[in-house]
Amino acid sequence: MLRILLVEDDDDIRAGLSRALTNQGVTVAAVARGADALGRLAEFAPDAVILDLGLPDLDGSDVLAMIRSLGQVPVLVATARDDEREIVRLLDAGADDYLVKPYSAAQVLARVRAVLRRGGPGAEKESATVTVADLVIDPQGREVELAGERIVLTRKEFDLLLYLARRVGEVVSKHDLLADVWNLPWGGGDRTVDVHVSWLRRKLGETAAEPRFLHSVRGVGLKMVDPT
């Protein structure tokens, strides 16, 4: 049975969503405060967390960071604004997906199941170490080594690198990167991709003018190349 930790300070929303999810066979633990959410994580062991950002005791972004530091349970953040920059910021900060208010129990379940499928059948293949020349990527440990030296990446830098490394030689469009890495299927936000690619290149010891792994294809997108 699916277990969801719902963190929502609005009494009506919390009660209504809890009831609707329970009626669909979900086990729900519902709390109104960020501190309570952190306390319930270990004992309740949810399959996913629905996290409202407007909490009375702690900033929702801080709660997201704390949850992420404690493990890899999927977190879907609830935001009142359909603002692309805010959504990108939250996804970069560690959220696995997002919900824009108002949302229904059916939408919550669809989003949660989509996130969980990423770790479902085929997860063993997805967890296999990826090696491109002297670049070694460990999806399970979320660690990267280049020529034997560990590279520290942000969550989205790692996701972007792994996505490209699994598609060596394949040109990937910015639209596909936004949809698959940032969960922004409507497009836009090209600058987001450009900035993360620039940061990633710097950490890989290359530049746009002298690429080694990450090659831009003008007017099309980006591809990873095996430099050997």
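For R3 and R81, the FRET efficiency from 1/(1 + (r/R0)^6), where r spans their Cβ atoms and R0 equals 30 Å, is about 0.60. Full extension of the chain between Q140 and A42 gives 33.2 nm of extra length, using 0.36 nm per residue less the Cα-Cα distance. Less than 5 angstrom separates the built amide H of I151 from those of V144, E145, L146, all sequence-distant by 5 or more or on a different chain.
Between amide H atoms placed 1.01 Å from N, distances below 5 Å from A78 occur with L51, D52, L53, L99, all of them 5 or more places distant or on a separate chain. Spin-label pair Q24-R167: with each label point 7 Å from Cα along the Cα-Cβ axis, the two points sit 2.9 nm from one another.
Considering only DSSP beta bridges where both residues belong to the chain, give the percentage that are antiparallel (nearest 5). About 45 percent, rounded to the nearest 5. If only the Cβ of Lys and Arg carry +1 and only the Cβ of Asp and Glu carry -1, the dipole of the stretch 3-117 around its Cα centre is close to 480 debye. Simple rule: put +1 on each Lys or Arg Cβ and -1 on each Asp or Glu Cβ in the stretch 124-224, find the dipole, and look at L160, A133, L184; the Cα lying farthest toward the positive end is L184. For A48, nonlocal amide neighbours, meaning residues 5 or more places apart or on other chains whose placed amide H falls under 5 Å from its own, are R3, L5.
To the nearest 20 debye, what is the magnitude of the charge dipole of the chain about its Cα centre, counting +1 on the Cβ of each Lys and Arg and -1 on the Cβ of each Asp and Glu? If you can, show how the numbers build up before the last one.
Details: 29 positive and 36 negative charges, 98 e Å.
Roughly 480 debye for the chain.
In order along the stretch 135-140, phi translates into HN-Hα couplings of 9, 10, 10, 9, x, 5 Hz, rounded to whole numbers, per the Karplus curve 6.51 cos²θ - 1.76 cosθ + 1.60 with θ = phi - 60° and x for Gly and Pro. Couplings 3J(HN,Hα) of the stretch 39-56, computed from phi: x, 7, 3, 5, 6, 8, 6, x, 7, 7, 10, 9, 10, 6, 8, x, 9, x Hz, in residue order, whole Hz [Karplus 6.51 cos²θ - 1.76 cosθ + 1.60, θ = phi - 60°; x for Gly and Pro]. Rounded to the nearest Hz, the phi-derived 3J(HN,Hα) couplings of the stretch 209-223 under the Karplus curve 6.51 cos²θ - 1.76 cosθ + 1.60 (θ = phi - 60°) are 6, 10, x, 10, 9, 9, 10, 7, 10, 3, x, 10, x, 9, 9, where x marks glycine and proline.
No value in this document is a laboratory result; all are computed from the given coordinates. Everything numeric in this text was worked out from a predicted model, so none of it was measured. Cβ: placed from backbone, ideal geometry, glycine included. Neighbour counts: every protein chain shown.
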